[in-house]
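This report refers to the structure that appears directly beneath it.
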Amino acid sequence: MKITIVPREPETPLPDTYYDGLARTMGDEAAAWARLPPAEREKELRWYHDNFWTPDDLSICPPELGGDEGWARA
Amino acid sequence: MPPPPPHAAAVSAPLDFLRIFAGLLRAEGIPFAITSGMACVHYGLQQTTKDSDWIIPADALPRLVALLERKEGELPPWRVSYRQIFGAPLDAEYMAHGWTSHLSVWDHASSVEHKVDLFSKPPRVRPEEMQTDEEGWAVGHVVAQMKKTDRDKDWPIVNGLGQRLTERGNPLGLLHLTDIPALRLAWQAVRPEAREALAGRRPLLRHLARTPAAGDAELELLLLLERRIWERVNEARHSRYTRAWREFYRRWSKSADFAWPTPEEFWRQQRKLSRAVREHGLPADPLGDVPRESLVAEAVARLTAMRFDAEEVKSLLPPVADLLP
């Protein structure tokens, strides 16, 4: 497998329709998070890492390989 | 937002570690892509994660192992350990066939544990579509394919990545959208000559082209069935890995000197695990000679046993090259 490097996404803002769609499917909080500039998101994420140190995922299987359900079925 | 507590310097490291590790890989000329949770944070679609998931081609794994071994001998010394979970050694023979490998890394004495998950053959990603941007972030299409798992929480992210791709003018977004209004708009916006190719990869899109157009209720049912197809095919594939690993682990754990993981240096762990998988019969390729079509047929059979209509299931099946590349 070869990994091809492609240009970065443009930094132009995404239209409101994108965030409206996220609000519809993921909720207002998720849409508000997505609207934050990347630096703001990083700042907030750092705050969470600083203040809440809990396991991300307690599954014995990684999520991409099925997570708990995949494990239970095996 | 209150000020960080005094221990912040020790525990605010996941994002820093991500950059350090990416920089090391880059300096060693090891190709990589950051995917899954951290990539979703990068794309603004996930709010928390600490673990990092990396795609590294199998032929670059010897260089990665050498890097990790070297970092244990440098100052400040890293500590690198396999985790006690399902997974294979960082060995090209295994990783090239879809196994994953799971490490813990401590990059200085007071470091928190960094969980590093590695793929060489990411599930559901066509090799020719394996792309990153210049910073190493897996492109949205790759992340979306990997997120088509059995977990409910991943599917809104798949849709979000699809929306993002669509807004950026990438027609591959249509392969991931599940929000009906967005799906209809995106379908209308795509060039007619591109539609057939997209519908070839996602037959559900043909229902958008029908006259009169499929109603929303019908589309919702089709979307549900399409998702079940991805889930059941994933299960048919993945269960062979977990079963193989459990059997291997059972055999290995009965050996007289069994202890895993050990507090040893990484190079010793690497040698021990590489030997164990061969001595105790972990298959390098659990799918082996199993035709991919038969795994898909197994998934279809499970769905029809759940009283989904067989013809409808077949009419929605994505190509095997996307389900099980």
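The values are calculated or read from the model by the stated rules, or taken from the named source; none is laboratory data. Model, not experiment: these values are computed from the prediction. Because the Cβ atoms are built from the backbone with ideal geometry, glycine has one as well, and the counts that use them run over all protein chains shown. Side chains included, ligands, DNA and RNA excluded: accessible areas come from the protein's heavy atoms. Shrake-Rupley method; radii C 1.70, N 1.55, O 1.52, S 1.80 Å.
Table for the structure above
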item: Cα centroid separation, region B:264-281 to region B:81-126 (Å); result: 14 Å
item: Charge dipole (debye, nearest 20) of chain B; +1 at Cβ of Lys and Arg, -1 at Cβ of Asp and Glu; result: 500 debye
item: In the A-B interface, the accessible area buried, summed over both sides, Å² (probe 1.4 Å); result: 5800 Å²
item: Protein accessible area in region B:219-325, 1.4 Å probe - carbon and sulfur %; result: 52 percent
item: Of all accessible heavy-atom area on region B:8-129, the percent that carbon and sulfur account for (1.4 Å); result: 55 percent
item: Three-way shape label, the protein assembly as shown, alpha-carbon gyration tensor, a/c 1.5; result: oblate
item: Global size of region B:8-129 as Cα Rg and Dmax, reported in angstrom; result: 14.1, 42
item: For region B:209-325: relative contact order, % (alpha-carbon pairs under 8 angstrom, 6 or more apart); result: 42 percent
item: Exposed-site-free run, longest, chain B (rule: GluC sites (Glu not before Pro); DSSP loop; at most 12 other C-beta within 10 Å); result: B:136-325
item: Average accessible surface area per residue within chain B, 1.4 Å rolling probe, Å²; result: 41 Å²
item: Delta accessible area of at least 50 Å² on complex formation, residues of region B:46-71, 1.4 Å probe, chain isolated as reference; result: B:47, B:50
item: B:114, B:280, reordered so the largest accessible area comes first (probe 1.4 Å); result: B:280, B:114
item: Qualifying trypsin sites (Lys or Arg not before Pro) in region B:182-271, DSSP loop, other Cβ atoms within 10 Å at most 14; result: B:210, B:254
item: Cross-link table B:50/B:153; A:2/B:153; B:71/B:147, entries beyond 27 Å C-alpha to C-alpha; result: A:2/B:153; B:71/B:147
item: Chain B - percent relative contact order, Cα under 8 Å, separation 6 or more; result: 17 percent
item: Dipole magnitude (debye, nearest 20) for region B:8-129, charges at Cβ of Lys, Arg, Asp, Glu; result: 180 debye
item: Per-residue [θ]222 nm for the protein assembly as shown (sum of -39500 (n - 2.57) over DSSP H runs n ≥ 4, rounded to 500); result: -15500 deg cm²/dmol
